[in-house]
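> The structure's right below; bear with me while I get my questions together.
Every number in this text was worked out from the coordinates using simple rules, so none of it is lab data. Just so it is clear, the model here is predicted, and its values are computed rather than measured. Note that we place each Cβ from the backbone using ideal geometry, even for glycine, and neighbour counts take in every protein chain shown.
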Amino acid sequence: MSATGSNTARRQPRSGPAVLFAALVSLLATMLLGAPGAAAREPVEKAPVAKVAAAPAAPAAALTEITGFGSNPSNLQMYLYVPDSVTANPAVVVAVHYCTGSGPAMYSGTEYASLADQYGFIVVYPSVTRASKCFDVSSPQALTRGGGSDPVGIKSMVDWVTRTYSADTDRIFATGISSGAMMTNVLLGDYPDVFAAGAAFSGVPFGCFATTDGSEWNSACSGGTVLHTPQEWGDLVRNAYPGYTGPRPRMQVWHGTEDDVLRYPNFGEEIKQWTNVLGVGQTPAATDSPQSGWTRTRYGATGDQAPVEAVSLQGIGHNLYAWGMAARVLTFFGLDSSGPGPQPQPGACKVTTTTSAWNTGLTSSVTITNTGSSRIEGWQLGFTLPSGQAITNGWGATYAPASGAVTATNAPYNGTIAANASVSIGYQASHTGNSSPPTAFTLNGTVCSGS
C-alpha cells in the first residue's frame, strides 16, 4: 500500500534535555496522583507523519507511523525511522518515551535517528495512547511474558521490523527515559530471548512498580523504599518467563543522585537485580569517571560491553538525559560501527554442572568449555548461588563472595583455555534446603550456554 499524508524528512532535533523534560516532574505527579488541572504535554516537534498500513517497507529517512503491525492489546502506536543508509540485516533500537511523551517527541528530542543515519540501524518509537501517556509497567499482564498490555505490542513491532527488513535478531536493543526506562527493564525481563541489551535513564527495577489494583503508580517504588536482596530482584525477572535458561540481555542504567520523581535508591536496586540476573558479582570490576560528576561502574567485565554498566550523576535530578548520552548507549550496545557489535555473542562458552547433596551440604563439579575459536587467557566465571547456599571450600579457582552472586577466578595453573577445550573446577557448599545448582553462568562477561 502507499503511504498517506506527506513524509517527514529527517530534521535536526531542536534542543537538549530541557525541551524533553521541562514539565516532566510536575506533570508526572499531577497526572498520576490525580491532582486537578493535569494535561498531556505536546510533543517536542509537531509535524506531519507518513502512515503505512502493514506495507512491505516504510519510506526511508522519514518518521513513519506503521499500522496493522500485529498483536497490540493496549492500542499502542508504532513509529519507525529507517535511514537511507540502512545496512543489510540491520540492528534495531526500540526508543521508549517518558510519561506525557510520544513516539514523535522521542524522535525529535533524542539523537537516535541521526545516529541511525550514521550507523545504519533502524529505530522503533512506541507511543502510548492512554490518557496518562505512561507505559504500563505495573499490571500483572505487563510483567509476564506474553501476558498482554504494552510489552506484547512492542514485541509485535520488533517482529514486524524483523520480518520486513530481515533485521539481525542478535542485535535488538531497547532504551528509554523515565517511564520508558521502566519499560526497558520490563522488556528485558519479559523477552530475554529478543533483546540483546538495554539502557535505562532514570528508571526502576523490573517489578518494582507492580500493582494489583489497576493503578499505574506505585508510591513506595517511586520513593525508593522498595528494597530486595539481589536474589529476590533476580527472581522477579526470572519469574516473568518461567523455565527460560538461555542468555540474558546486558543492562546499562543511568540515574541522578537528586532524582525527586524516581528516587536514587532505585539505581542501586537495579544494579542488584541485573547483576544477579546475569550471574556476576556486585563488586565492580572497574570504576571510573568518564565526565565530571559522573561515576561509572562496570560489573562482570571491564570493557565497554560489560554485563552491567551503571552511571551515577552527582547532583542531577530526574531530568537526566542530555545530548551525547545516546552515543554512549550505542557504545554499550556495540552499534557505533557499521557492522555487528563488538560485544561477545552468546554461545562462546558452555558450562555443565553435576551436584551431589546431603542433609545440609552439597558438592558441585563445574566444567567450563571454551566453544569459541580463540584461546582464553585468564578467566572469571560468574554465577549466583540459590538462596540459602554458601560455599565452604573449593578447588580449581578462588571463589568470592561465599554466597549470592559469586565470581570464580582461575587458579595459576588453569588460566588458559584453548578453543574447544575445557577446565573443571568445583566447590562444596552448605544449604538450608535448596540444593539446586546455579542455572546461569558468564565467562569474562559472556553469557554461557548450560546443560
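> Please go through the stretch 320-421 and write out the trypsin sites (Lys or Arg not before Pro) that DSSP classes as loop and that have at most 12 other C-beta atoms within 10 Å. Intermediate results must be reported in sequence, preceding the final value.
Working: sites: Arg328, Lys350, Arg375; in loops: Arg375.
In loop regions of the stretch 320-421 (DSSP not H, G, I, E or B), the sparsely surrounded trypsin sites (Lys or Arg not before Pro) are Arg375.
> Next question, about the same structure. Under 14 Å from a point placed 7 Å out from the Cα of Thr432 along the Cα-to-Cβ direction: which residues of the stretch 220-263 have their backbone N that close?
Backbone N within reach: 229-232.
> Please give the Cα centre distance for the stretch 106-125 versus the stretch 65-86, rounded to the nearest Å.
Comparing the Cα centres of the stretch 106-125 and the stretch 65-86, I get a distance of 14 Å.
> Helix-only mean residue ellipticity at 222 nm, the chain, DSSP H runs n ≥ 4 weighted -39,500 (n - 2.57), per residue, nearest 500. What is it?
-6000 deg cm²/dmol
> While we're looking at this one, here's another question. Could you calculate the contour length gain from Glu232 to Thr392, that is, 0.36 nm times the residue separation minus the distance between their Cα atoms, to one decimal place in nm?
Taking 0.36 nm per residue and subtracting the Cα distance, the gain is 55.3 nm.
> While we're looking at this one, here's another question. Over the chain, one equal point on each Cα, no solvent: what is log10 I(q)/I(0) by the Debye formula at q = 0.11 Å⁻¹?
Each listed q maps to, in turn, -0.84.
> Under a crude label model (7 Å from the Cα following the beta-carbon direction), how far is Asp260 from Gln314 in nanometres?
2.1
> If I take R0 = 45 Å and measure r between the Cβ atoms of Ser114 and Trp358 in this structure, what FRET efficiency does the formula 1/(1 + (r/R0)^6) give, to the nearest 0.05?
So, using R0 = 45 Å, E works out to roughly 0.15.
> Taking the Cα of Ser337, stepping 7 Å toward and past its beta carbon, and measuring to each backbone N in the stretch 166-208: which are under 19 Å?
The answer is 168-173, 196-197.
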